[in-house]
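One structure below.
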Amino acid sequence: MGKNIFFERKGPYWVSDLFADLKSKKKIKIFDIRSLKDASNDDLTFLDNTDYVNHAKSTKASYCLTTKRFKNYLPNSCEPIFVKNVLFELCKVTRKFYPNADIDSPDVTLKKPNKSNYLKVKFGSNVLLGKKVKIGKNSIIGSNTIIEHNVSIGENCTVGAHVVIRNSIIGNKVVVQDGCKIGLKGFGFIPIKGKNLRFPHIGNVIIKDNAEIGACCTIDRGSINDTLIGENTFLDNQVHIAHNVKIGNNCMIAGQVGFAGSSVIGESVSIGGQAGISGHLKIGNKVKIAGGSGVIKDIEDGTTVMGYPAVSLKDFIRNSKK
């Protein structure tokens, strides 16, 4: 994740400003919240899942929100901050740094495009742009589309009608068909004390060159990390991609497939219609997932799976004959 250009960040804060009961030997100000892999020595990070312990060992963060069960996975340079509920404490800190990221308020800077700033861009009727929007030459923006502040769209792109794009960086030769909603806040909240506490989502959506996004797809921005669609990956209509999902290059995703948060999809993966991918999974390269399947476990490279729960095609056929 690069510099956050979409949300105003407060701070920096001394760690004692964030955690009053913590007695730390370090005198370091915290500038941001980042994942284990992306953090620098002036960042706070977090660890509450065994899937990420390999990243923990090499993190450069000075402090890590975690529980005592993970204390042995952190390097000596990273001081643990032990809490009962990592996501709850992370939510509170993120809201302090980014107080405007928990609700998607409408972009009040929207105006009709000043065509002198976009001489080689074609616009349909009733297009609205926020401040500092970048659109490359020979791109086309369809009618009634909204592109919010700081969004970047590359050259030779086609964006259809009734599209909303925010918090996104889009490459060249990308096609976004009608009705898509890209970069909106994901389904992130913490049930606590009889109510739901909204978790701010401060990540981006990044769509690489030559990708195609089918009609009425929804792609949520990342919570802390980014959501990523790889080069030459094509999504059919009505695909939903949750926060932090990363899809590799040259993938083909059929209609109504749903991805839960933080799953990582390899390259040249094919997924049939109405399949569901659970969260925090790793799907290997050249995997094929049959339509209607429910994937609840990691899948190794080159595997074909089918059914619910999804199993290898050979096992599925064998079981169906019993």
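What follows is calculated from the coordinates using simple rules that are stated; it is not laboratory data. These numbers come from a predicted model, not from an experiment. Don't worry about glycine lacking a Cβ; one is built from the backbone with ideal geometry, like all the others, and counts go over all protein chains shown.
Within straight-line reach of residue 27, meaning a Cα separation under 25 Å, sit the following lysines at least 8 residues removed in sequence or on another chain: 3, 10, 37, 57, 60, 68, 71, 84, 92, 96.
Summarising the strand pairing of the stretch 115-320, around 10 percent of its internal DSSP beta bridges are antiparallel.
The Rg/Rh ratio for the stretch 126-190 is 0.99, where Rg is the radius of gyration of the alpha carbons and Rh is the Kirkwood radius.
Fraction of C-alpha pairs exceeding 18 angstrom in the stretch 1-118: 55 percent, rounded to a whole number. Remark: spin-label model distance residue 318-residue 296 equals 2.0 nm, labels positioned 7 Å along the Cα→Cβ axis. Straight Cα distances below 22 angstrom link residue 112 to the lysines 120, 122, 131, 132, 134, 137, 181, with same-chain residues fewer than 8 positions distant left out. Taken along the Cα-to-beta-carbon direction at a fixed 7 Å, the label points for residue 137 and residue 197 span 5.1 nm.
For the stretch 73-213, give the share of DSSP beta bridges that are antiparallel, in percent and rounded to the nearest 5; count only bridges with both residues there.
Values: 5 of 26 bridges.
Antiparallel: roughly 20 percent of the beta bridges in the stretch 73-213.
Where both partners of a DSSP beta bridge lie in the stretch 13-97, what percent of those bridges are antiparallel, to the nearest 5? Don't jump to the answer; show the numbers that get you there.
On the way: 2 of 11 bridges.
If we restrict to bridges inside the stretch 13-97, about 20 percent are antiparallel.
Placing unit charges on the Cβ atoms only, positive for Lys and Arg and negative for Asp and Glu, gives the stretch 163-322 a dipole magnitude near 600 debye about its Cα centre. Lysine pair count for the stretch 182-298 with Cα-Cα distance under 28 Å and sequence separation of 8 or more or different chains is 18. Counting beta carbons within 10 Å around each of 235, 110, 22, 44 and listing the fewest first gives the order 22, 110, 44, 235. The sum of -39500 (n - 2.57) across all DSSP H runs of n ≥ 4, divided by the residue count of the chain, sets its helix-only mean residue ellipticity at 222 nm to -2500 deg cm²/dmol.
For the chain, a simple Cβ point-charge model (Lys and Arg +1, Asp and Glu -1, everything else neutral) yields a dipole of about 660 debye relative to the Cα centre. Scattering from the stretch 235-318 was approximated by placing one identical point on each alpha carbon and applying the Debye formula without solvent; log10 I(q)/I(0) at 0.23, 0.27 1/Å stands at -1.07, -1.51. Dimensions of the stretch 115-320 from C-alpha coordinates, computed as largest minus smallest value along each principal axis and given longest first, are 64, 45, 23 Å. What is the stretch 1-69 by shape, rounded, prolate or oblate, if you read a ≥ b ≥ c off the alpha carbon gyration tensor as root eigenvalues and call it rounded for a/c under 1.5, prolate for a/b larger than b/c, and oblate otherwise? Oblate, since a/c reaches 1.5 and b/c is not below a/b. Here the stretch 276-290 and the stretch 195-235 have alpha carbon centers that stand 17 Å from each other.
Ordering 198, 95, 166 by the number of other Cβ atoms within 10 Å of each residue's own Cβ, fewest first, gives 198, 95, 166.
For 297, 27, which order do you get if you count the other beta carbons within 10 Å of each Cβ and list the fewest first? Could you put the intermediate results ahead of the total?
On the way: 297 12, 27 8.
Ascending Cβ contact count within 10 Å gives the list 27, 297.
Projecting the Cα atoms of 211, 126, 164 onto the charge dipole of the stretch 101-239 (Cβ charges, centred on the Cα centre) puts 126 farthest toward the positive pole.
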